[in-house]
Amino acid sequence: MSSFFQKLKQIESFLTHVADTISPDYPAAAGKETAQHRTTTSVSTTFPSVGSLPATSSIHVNSNGTNAAVSSLFEPKKGDVDDVNKTSTPIIAPADTILSSMPPLAPPFPPNCKSRLEYKTYYEKSLQNYRREIMTNILPSIPLYLRNDFLMSLKQDLNAQVQLRQAQNDLAQKQQCQEDTFAAEKHVEEAKCLNQHSEAELVLAGTSLLSFIHSHLQDKEDTKLDTTNGESFCPQQLQWKITLMRCCILTNATPHQLATYSVSSKRNADHVYNLLCDPNLMKEILISDGPKYFRYTSMLQIYHSILASSSLSSVTSIHDNDEKKNNNNFTTIKTNDIFHRLALAIALEHAAPIEIFDTQITIDPIKRYHHYEMAYLNGELDESFSTLSTWELRMVVNNDASDNEIQWCRDMIRNYRPDHILHQNDQWRYCNIVRSDVVYKAPAWIGNGCPRSYQQLISGGGKCGPRAWMGRFACKSFGIPTWGVRQPDHAAMSHWTKSGEWVICLGGPNWMKSYWEDRNGVDFELETRARTFCGIGRHSGYNEEKDAYNYGEYEKNVFWLQCIVEIHQEVQIGSQNGNYLQRPVDERLWSELVLLQKKILARYVTEKNVQRDGMSLHCNTKRNLANIIQERADIEENCSFRDDGTIIIPASLCRNLRQNGQNVIQTKCFLPEGGNQIHVRGNACLEYTVNVPTTSLYTLRARIVTVHARQNTLQVKVRDGSLPFFASGNGMNYELEIPYTKGYWEMTRPITVELCQGINTVFFRSSENGSMTIKDFTLESI
């Protein structure tokens, strides 16, 4: 046993210097900060928190010799075999592990099954074989001391968290009762110190275990597994990954579900077969969290229907016959570009039907795909849309509005408030329409059996819930992923930004107090950061040359562990209700390892290493929103005098624009003629001058956009510029009725005004509650 303790000491020494040999993607300078002995028992405030993990916590393994070093630490020497065998045990032990021999993997294509029972038996046998292969040849046999060390550290960390929460609650109660808080504050500081210590202990123990597991799996890359039964299209060193993914899919999809789907038609059976034979598709599905509620058969139906309906999202099956491949008219379509990722995201998310807001009408996933495909090709979406992963796209396409209403939202914001599209702050781009126009009040729905809609919402206002709905709706309409946020007595939203960071809007920026459905905010934000990190000097996103989406360190260090979690069907850690805490820690070992690995990756996320590839690959970059409006804004605007006597006055020529402050905003215009437009809100006065050749009557109209049903009139006053400003009788008053245009450009009803020969001054005054966007005024001679 002496060699056993020598090995432990060797591990400790290695971990303190691992920053010098670990992947260069991680900073090495911080490695000395945690050179603490594993047997330390005293409470110390020098231990780092999970939010600032040391460089030695990294388990990323590169090809610089680290793998061999880590592996050699855990491989027993000849004299240690007996000792290690006594202290080693497999992580899982399914019922079928008692089988001493491992039969060859079942072929992926089922035999001539004619009944659901035959299909079910086949899938069950395949699942059993994959599980046996995983237990026998893939999962590592972890030394018992590593396993127990991690589980003990995990229990201590959980207890420390409970003590900290109790101390904080006691302090809050004493503060509320205005009692002496000195002892309670001291108790909180001690609990924080203990929590930091336990966190550091957990990180160190978990790092040792993760290093061992990743080293073992990395060795599989060089292991030549026996592949038979026509699977030569897969690289042999990837067979263990394929086995993991197949087992994961069969476990979640269940043999019963797959059998029911396969027996209905030969085509459906082929769908399952092609899925299990396509490593790229399996990985993309699993790394994107799989179909909603594990509805694999619904996902396959939607996915293949989209592929059949769109040439852009189509992929070449690896089992297409030679005639099709040799056809000169046949083109191999990219399998991981934005169109395919979009199709897969819709199939995964709409596997569970989504109903249109406040109706029982199910959204057609095929039409939803074509809507976003066409919007992308027309340059109507955010320029970063093409860089999104399938997982992120799922949080775009789950928009609960109809396709027509999504189109309306984009048109409305382009017409009414284009400045929200060009907002320099990523946090408020698009969703700033909530702060500017959704009044915080009790919502005014139409009622009378008419379903609620987002068009009614922006018109009638609402409190925190409806405002959060509108914010998510606006971002999703332009292709920005969003995640709902609920906080104590409040509703908010969060969304993705170009920096890779997710930000909370319309609520407090506190992920600890946030949750959505059954997931807490801390776990979601941690997931987003872990998925973002791809290593310093490397970009995530779609690589057109390799036709692959780079998931960076997340795929290497988290994804394969997550597959093992799915195979074990462990309770998801991070759920809001906390049911997973009721399970013993040894029954959620892999889930805890995944959580720790995410924390390690999330620490290294910075703006420098979250850049995305794949921007605007398939559409002309000049067609994105920013470039379109940028080109059209350079047009010089002047009053236009036509041969028929019509005069057009651009609204941006307002003489007293600055005097109105924030009540009048000049913005660029998306209309084909370009130029500028003004947005008027509240009490504002607009002044224009116009020179007419003769005294005459004119009809006056304005081209405007409004989004609120209740509109006040626009007060109009015309003065003769040749007379003194305060001369008696100088000026006539009129009223211009403002219609409810629902976000589209419309002309107001004409009114008749009299203009005197020469220069005339025309004033337009809006009411306190008015809000409209004006492009120009038109005067036509009668």
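The values are calculated or read from the model by the stated rules, or taken from the named source; none is laboratory data. In this text the structure is predicted, and so the values were computed from the model without any measurement. In this analysis, Cβ positions are derived from the backbone assuming ideal geometry, glycine residues included, and neighbour counts consider all displayed protein chains. Calculation scope for accessible area: heavy atoms of the full protein, side chains included, ligands and nucleic acids excluded. Shrake-Rupley method; radii C 1.70, N 1.55, O 1.52, S 1.80 Å.
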Picked from segment 134-151 (must be within 35 Å of the chain's Cα centre (by Cα) and more than 14 Å from residue 216 (Cβ to Cβ)), the residue surrounded by the fewest Cβ atoms within 10 Å (Cβ to Cβ) is 151
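Okay, residues lined up against (1) in contact with a Cys (Cβ under 7 Å, 6 or more places away or on another chain); (2) modelled with pLDDT of 95 or more; (3) buried (at least 17 other Cβ atoms within 10 Å of the Cβ):
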site	(1), (2), (3)
274	no, no, yes
280	no, no, no
287	no, yes, yes
290	no, yes, yes
307	no, no, yes
310	no, no, yes
Please indicate, with yes or no, whether at least one residue in segment 623-639 is among the hydrophobic types (A, V, I, L, M, F, W, C) and at pLDDT 85 or above. yes
What strands (runs of 3 or more DSSP E) lie completely within segment 414-522 and have 2 or more residues being at pLDDT 95 or above and touching a Cys at 6+ places or on another chain (Cβ under 9 Å)? 482-487, 490-496
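Just give me the residues in segment 677-698 being open to solvent by less than 30 Å² (accessible area, probe 1.4 Å) and not in a loop (DSSP other than H, G, I, E, B), in sequence order. It would help to see each step written out before you state the result.
Initial filter on segment 677-698 (open to solvent by less than 30 Å² (accessible area, probe 1.4 Å)): 677-680, 682, 684-686, 688, 690, 692, 696, 698.
Result: 677, 678, 679, 680, 685, 686, 688, 690, 692, 696, 698.
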Return the residue satisfying two criteria in turn: it lies in segment 446-466 and is among the small types (Gly, Ala, Ser) and closer than 17 Å to residue 401 by Cα, and of such residues it is surrounded by the most Cβ atoms within 10 Å (Cβ to Cβ). 459
Every residue in segment 700-719 that is open to solvent by 30 Å² or more (accessible area, probe 1.4 Å) and out of contact with any helix residue (DSSP H, G or I) (no Cβ under 7 Å at 6 or more places or on another chain), please. 701, 703, 710, 711, 712, 713, 715, 717, 719
Checking residue 751 against (1) closer than 30 Å to residue 625 by Cβ; (2) of a type outside the set (Phe, Trp, Tyr); (3) touching a Leu at 6+ places or on another chain (Cβ under 8 Å), which test does it fail? (1)
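Would you mind stating whether residue 477 is surrounded by 24 or more Cβ atoms within 10 Å (Cβ to Cβ), closer than 30 Å to residue 498 by Cβ and either polar (S, T, N, Q) or more than 19 Å from the chain's Cα centre (by Cα) (or both)? Outline the logic, then answer.
Numbers: surrounded by 24 or more Cβ atoms within 10 Å (Cβ to Cβ): yes; closer than 30 Å to residue 498 by Cβ: yes; either polar (S, T, N, Q) or more than 19 Å from the chain's Cα centre (by Cα) (or both): yes.
Judged against the criteria, residue 477 is a match.
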Give all pairs with beta carbons closer than 7 Å in which a residue from segment 157-184 that is over 29 Å from residue 592 (Cα atoms) meets a residue that is among the charged types (D, E, K, R); count only pairs at least 6 apart in sequence or on separate chains. 171/185; 181/174; 184/170; 184/174
Considering each residue of segment 152-168, count those that are surrounded by fewer than 18 Cβ atoms within 10 Å (Cβ to Cβ), under 17 Å from residue 573 (Cα atoms) and aliphatic (A, V, I, L, M), and give that number. 2
Here is a check on your reading of the model: is residue 251 surrounded by fewer than 22 Cβ atoms within 10 Å (Cβ to Cβ), at pLDDT below 95, among the hydroxyl-bearing types (Ser, Thr, Tyr) and out of contact with any Ser or Thr (no Cβ under 7 Å at 6 or more places or on another chain)? no
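Name every residue in segment 254-295 that is among the hydroxyl-bearing types (Ser, Thr, Tyr) and under 17 Å from residue 242 (Cβ atoms), in order of residue number.
Quick first cut of segment 254-295, residues among the hydroxyl-bearing types (Ser, Thr, Tyr) only: 254, 260-262, 264-265, 273, 288, 293.
273 - this is the single residue of segment 254-295 that is among the hydroxyl-bearing types (Ser, Thr, Tyr) and under 17 Å from residue 242 (Cβ atoms).
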Restricting segment 649-668 to residues that are of a type in the set (A, V, I, L, M, F, W, C), open to solvent by 20 Å² or more (accessible area, probe 1.4 Å) and modelled with pLDDT of 90 or more, the residue that is farthest from residue 680 (Cα to Cα): 653
